[in-house]
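Written out below as structure tokens is the structure these notes cover.
The values are calculated or read from the model by the stated rules, or taken from the named source; none is laboratory data. Since we're looking at a predicted model, the values are computed, not measured. Cβ atoms come from the backbone with ideal geometry, glycine included; neighbour counts cover every protein chain shown. Note: accessible area is taken over every heavy atom of the protein model, side chains too, but ligands, DNA and RNA are not part of it. Shrake-Rupley method; radii C 1.70, N 1.55, O 1.52, S 1.80 Å.
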Amino acid sequence: MALTEAEEAKLRTIIGAFDGGQQVDDLPAATDEVQDKKIEVFDSKTGASAKMDLRQAVSMANSPSCGRYWNENNATPQAAGYFGSLEMLRNLPEVLKLGCYLVKNDHTRRKLDPTNHYRFESGEVAKLDGSMGHYQWGWGKKFYFATYKIGSLRYEEISLSPIPGQYNYVIPVASMSAHGFASLDRTTGTLVSYINDDVRYRGGDNPSSYDGTYRTMLGRAATAQNTEYWRAAARKNGSGWLCGTMRHSMIVKVLFEIIFGTRDVQAAYNPNKDSNGLYQGGLGAGVTNAGSWWGTDFGYRPILPTNVGIELGDSSGVSTYNVLKEDGSSYYAAPVPVFFGLKNAYGFLWRHMDDEFVRCNADTTVTHLVAPSIYGNWTIGNEAGMVAYSTSIPKGDGYIKTLSYDHLENFATQVGGSQSTYHCDYFWNNSGATSGFRVCLRGCTAYRGARSGLCALDVSSAVSTSAVSSGSPLCEAEEEWSVEPEYAMVS
């Protein structure tokens with residue numbers, strides 16, 4: 001079929017362009033003003049070509065970063081988009097080496113097999129009973145985190161190198177109890193992260209009369225102590241060991257938000273990735289909807305064994321554990337959330353916090369007090385050695401609308417949201433106190449429902465409080481963990 005006149009003209013143009021083509025060596029030299037240069041990039045996974053600023057390409061090649069951003073003028077918990085290296089964002093769990101480890105008291109660690117925590121990556125047998133270290137979840141790479149606002153957009157960014165032009169929080173290699181809560185060595189009074197059914201590690205408030213019954217506390221998390229007790233018990237492992245920390249809680253929240261692209265951790269779990277190959281959805285309700293039987297039959301003691309969810313390895317998802325009645329029937333099919341190997345990041349039991357508490361003010365607001373160093377000396381309920389940061393609204397409970405990410409606080413500053421807007425979690429400041437101090441309890445218990453979450457926080461209890469429904473994870477970091485950001489210059 002003959003070409004039309006227009007098609008012939010187009011073909012001549014193409015031939016002319018081909019004949020006039022130049023080799024790279026024939027092109028004129030470029031100036032060194034890289035801000036005006038663009039290059040073509042090819043995504044090998046999607047097959048798409050796109051343009052990119054040369055400066056951005058060089059920066060990403062040398063020190064890639066990735067993140068998500070939220071439009072804070074909107075109430076939706078969903079991220080408005082992602083930025084930086086899509087490849088890094090897709091693979092962030094692997095880049096940071098998220099997952100479970102056996103960690104010794106000197107902070108040396110060995111990565112467990114991502115599909116089978118009863119062996120190491122090398123294939124050797126791994127024992128989780130305490131004979132080879134603490135069964136911990138964490139990250140094996142030091143990284144940098146920056147959060148900043150441009151207009152109404154809030155950015156959260158992660159890189160393995162300092163992020164130029166931003167204030168960076170340096171996040172050392174660190175970990176916390178893989179179960180979400182620690183056990184207690186009843187002989188030495190040491191906080192431990194073991195999977196061990198021996199009576200030496202009996203959980204709850206140590207009720208021996210429950211042994212051999214459907215309510216057994218063998219192989220359960222320890223509870224029923226105050227924060228000062230947990231702090232002292234954690235430090236028996238050595239320097240750099242703490243009970244639950246604000247620092248760890250903030251990084252779990254940030255990692256979840258960046259990887260899953262939402263602030264609603266209780267959104268339904270979705271095993272499928274989106275069109276960009278990114279995680280979506282949440283981790284479900286978690287163990288937050290237990291019935292009245294939890295108090296009647298278990299006295300609000302731990303209902304989950306420390307090996308729950310271990311079959312999921314380092315993956316994310318929901319593991320179901322059937323809480324049984326005395327006759328063997330089921331009370332509750334507990335949906336245990338697993339975040340790349342971390343179980344029960346929210347719900348189940350309250351967490352006592354080591355490195356934070358609050359001061360009650362005359363106007364019923366509370367001021368957040370934070371330990372500036374993980375190696376410092378402080379006492380829960382004594383402001384000496386602490387640094388004052390954010391202050392909440394006056395007395396009042398509610399779903400969190402605004403949250404301070406500064407200094408890794410993970411601290412509510414304003415309520416007025418809901419279970420499906422903003423941060424989707426709840427803040428309790430119902431003490432009405434005008435002086436004194438209150439303990440920080442995070443995460444919620446197994447009957448708090450939609451109020452539970454990664455930034456759920458109760459500051460209404462006295463610093464001496466303890467309960468059978470409250471425990472703490474064992475936490476550590478292999479080096480200092482400052483809450484003061486460091487500015488990275490633009491080269």
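Structure data summary
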read-out	value
Looking only at the stretch 450-491, and only at residues there that are of a type in the set (S, T, N, Q) and assigned to a loop (DSSP other than H, G, I, E, B), the one that is most open to solvent (accessible area, probe 1.4 Å)	Ser491
Pick from the stretch 369-381, criterion farther than 14 Å from Cys440 by Cβ and touching a residue at least 24 places away in the same chain (Cβ under 8 Å), ranking: most open to solvent (accessible area, probe 1.4 Å)	Tyr375
Residue check, Ser392 crowded, with 21+ Cβ neighbours inside 10 Å and of a type outside the set (A, V, I, L, M, F, W, C)	yes
Qualifying residue in the stretch 198-218 (condition: in contact with a helix residue (DSSP H, G or I) (Cβ under 6 Å, 6 or more places away or on another chain), of a type in the set (Val, Ile, Thr) and assigned to a loop (DSSP other than H, G, I, E, B))	yes
Condition met for Ala412 (touching a residue at least 24 places away in the same chain (Cβ under 8 Å), outside any loop (DSSP other than H, G, I, E, B) and more than 25 Å from Arg231 (Cα to Cα))	no
Any hit, the stretch 285-299, residues being open to solvent by less than 10 Å² (accessible area, probe 1.4 Å), at pLDDT 95 or above and not in a loop (DSSP other than H, G, I, E, B)	yes
The lone exception for Tyr332 - which of (1) more than 28 Å from Phe120 (Cα to Cα); (2) buried (at least 20 other Cβ atoms within 10 Å of the Cβ); (3) touching a strand residue (DSSP E or B) at 6+ places or on another chain (Cβ under 7 Å) it fails	(2)
Residue within the stretch 325-343 that is under 23 Å from the mean Cα position of the chain (by Cα), part of a loop (DSSP other than H, G, I, E, B) and of a type in the set (Phe, Trp, Tyr) present	yes
Considering residues of the stretch 363-397 that are among the hydrophobic types (A, V, I, L, M, F, W, C), at pLDDT 95 or above and within 18 Å of Trp428 (Cα to Cα) only, the residue nearest to the chain's Cα centre (by Cα)	Leu369
Residue ID - farthest from Val336 (Cα to Cα), chosen from residues in the stretch 432-449 that are of a type outside the set (Val, Ile, Thr), open to solvent by 40 Å² or more (accessible area, probe 1.4 Å) and not in a strand (DSSP E or B)	Ser435
Pairs where the first residue, in the stretch 341-353, is farther than 16 Å from Ser469 by Cβ and the second is in a strand (DSSP E or B) and modelled with pLDDT of 95 or more, C-beta under 6 Å, 6+ apart	Gly341/Gly99; Gly341/Cys100; Gly341/Trp137; Leu342/Trp137; Lys343/Val336; Ala345/Phe339
Residue check, Asn74 assigned to a loop (DSSP other than H, G, I, E, B), out of contact with any Cys (no Cβ under 8 Å at 6 or more places or on another chain), closer than 25 Å to Glu479 by Cα and open to solvent by 50 Å² or more (accessible area, probe 1.4 Å)	no
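Okay, residues lined up against (1) modelled with pLDDT of 95 or more; (2) open to solvent by 10 Å² or more (accessible area, probe 1.4 Å); (3) in a loop (DSSP other than H, G, I, E, B); (4) aliphatic (A, V, I, L, M):
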site	(1), (2), (3), (4)
Gly238	yes, yes, yes, no
Ser249	yes, yes, no, no
Phe256	yes, no, no, no
Asp264	yes, yes, yes, no
Ala267	yes, yes, yes, yes
Asn272	yes, yes, yes, no
Ser275	yes, yes, yes, no
Tyr279	yes, yes, yes, no
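For (1) modelled with pLDDT of 95 or more; (2) farther than 30 Å from Arg263 by Cα; (3) surrounded by fewer than 21 Cβ atoms within 10 Å (Cβ to Cβ), each residue gets a yes or a no:
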position	(1), (2), (3)
Glu124	yes, yes, yes
Trp137	yes, no, no
Val170	yes, no, yes
Gly189	yes, yes, yes
Met217	yes, yes, no
